[in-house]
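Visitor: There's a structure below that I have some questions on.
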Amino acid sequence: MWIDKAGLPGIAARFKDDWLVSGQAAKLFFASTLLTVPFTPIFLGMLTIPKMSSVGKLMWNVVGIVGTVAVFFLWLGMWRFWVRVDGSNGITKRVWFLVLLLGFWYGACLYYYFVYLPQVLRKYRMLG
C-alpha cells in the first residue's frame with residue numbers, strides 16, 4: 001500500500017543498511033558534517049547577519065534549508081548506523097549512545113569521524 005512509503009518511515013525504509021555503509025553515504029555524511037559545524041552558530045541565532053540585498057537573503061535562506069536538512073540527515077543516519085550496523089562492543093556502544101543523545105548534531109559529527117568512518121573504511125579495505 002502507498003501509505004507505507006509516506007513520511008519519514010517511508011524515506012528511512014528506502015535507505016537500507018547496505019546503502020548506509022556505501023561510499024555515497026559516507027560522502028554525503030561527510031558533506032553534512034562540513035555544513036553542520038560552521039553553520040551551527042547561525043542556526044542558534046548566536047551570529048547576526050548584517051543587512052543585505054534580496055539575493056544575499058535568498059542565498060542565506062538556501063544555506064539555512066540545506067544546513068537544516070544536513071543536520072537531520074547526519075543525526076538520523078548516525079543513529080540508524082548505531083542501531084543497525086555498528087559492530088562496537090557493549091560499553092563502547094553505551095558511551096556513543098550518550099554522545100549521540102546528548103550531543104545532538106555535534107555528537108553525530110564526532111560519531112561519524114570516530115566510529116562510522118573507521119568502520120566503513122575497514123569494510124572497504126577488507127573488500128579491496
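The values are calculated or read from the model by the stated rules, or taken from the named source; none is laboratory data. If you're wondering where the values come from, they're calculated on a predicted model, not measured in any experiment. Positions of Cβ are generated from backbone atoms using ideal geometry, with glycine treated the same way; all protein chains shown enter the neighbour counts.
Visitor: Within the stretch 95-115, how many residues turn out to be among the β-branched types (V, I, T) and either in contact (Cβ under 8 Å) with a residue 60 or more places away in the chain or surrounded by 13 or more Cβ atoms within 10 Å (Cβ to Cβ) (or both)? I'd like the intermediate steps shown before the answer.
Guide: Applying the first criterion (among the β-branched types (V, I, T)) to the stretch 95-115 yields 95, 99, 115.
From what's left, either in contact (Cβ under 8 Å) with a residue 60 or more places away in the chain or surrounded by 13 or more Cβ atoms within 10 Å (Cβ to Cβ) (or both): 99, 115.
Total meeting the criteria: 2.
Visitor: Continuing with this model, one more query. Scan the stretch 18-38 for residues that are over 14 Å from the mean Cα position of the chain (by Cα) and closer than 23 Å to V62 by Cβ and jot them down.
Guide: P38 - this is the single residue of the stretch 18-38 that is over 14 Å from the mean Cα position of the chain (by Cα) and closer than 23 Å to V62 by Cβ.
Visitor: I'm checking my understanding of the structure. Among residues of the stretch 73-92 that are of a type in the set (G, A, S) and assigned to a helix (DSSP H, G or I), which one is nearest to C109 (Cα to Cα)?
Guide: The first filter runs over the stretch 73-92 and keeps only residues of a type in the set (G, A, S), leaving 77, 87-88, 90.
Right, trim to assigned to a helix (DSSP H, G or I) and you get 77, 90.
Working: G77: 11, G90: 21 Å.
Checking each candidate, the answer is G77.
Visitor: Take the residues in the stretch 83-128 that are among the aromatic types (F, W, Y) and at pLDDT 95 or above; name whichever of them is farthest from K27 (Cα to Cα).
Guide: Step one: of the stretch 83-128, the residues among the aromatic types (F, W, Y) are 96-97, 104-106, 111-114, 116, 124.
Okay, now just the ones that are also at pLDDT 95 or above, so 96-97, 111-114, 116.
Details: W96: 21, F97: 23, Y111: 15, Y112: 11, Y113: 12, F114: 15, Y116: 12 Å.
The extreme case among them is F97.
Visitor: Restricting to the stretch 2-25, give me the number of residues that are in a helix (DSSP H, G or I), at pLDDT 75 or above and more than 25 Å from G64 (Cβ to Cβ). Can you show your working first?
Guide: Narrowing the stretch 2-25 to residues in a helix (DSSP H, G or I): 2-5, 7-14, 17-20, 23-25.
So of that shortlist, the ones also at pLDDT 75 or above come out as 17-20, 23-25.
Filter again for more than 25 Å from G64 (Cβ to Cβ), leaving 17-20, 23.
So the count comes out to 5.
Visitor: Using beta carbons and a limit of 9 Å, which pairs, at least six apart or on different chains, have the first residue in the stretch 48-66 and more than 22 Å from L28 (Cβ to Cβ) and the second one aromatic (F, W, Y)?
Guide: Listed by first residue and then by second, the contacts come to I49/W60; M52/W60.
Visitor: Please verify whether the stretch 58-69 includes one or more residues that are within 15 Å of the chain's Cα centre (by Cα) and small (G, A, S).
Guide: So the first thing to find is which residues in the stretch 58-69 are within 15 Å of the chain's Cα centre (by Cα), and the list is 65-69.
From the residues that got through so far, the ones that are small (G, A, S) too are 67.
Scanning the stretch 58-69, I find at least one residue that is within 15 Å of the chain's Cα centre (by Cα) and small (G, A, S), so the answer is yes.
Visitor: Out of the stretch 71-91, which residues are over 15 Å from the mean Cα position of the chain (by Cα) and without any contact (Cβ under 8 Å) to a residue 12 or more places away in the chain?
Guide: The answer is N89, G90, I91.
Visitor: Being loosely packed, with under 11 Cβ neighbours inside 10 Å and part of a helix (DSSP H, G or I) is the filter here; which residues of the stretch 42-63 pass it? Working first, answer last.
Guide: Going residue by residue through the stretch 42-63, those that are loosely packed, with under 11 Cβ neighbours inside 10 Å are 44-51, 53-55, 61-62.
Hits for the stretch 42-63 are S54, V55, N61, V62.
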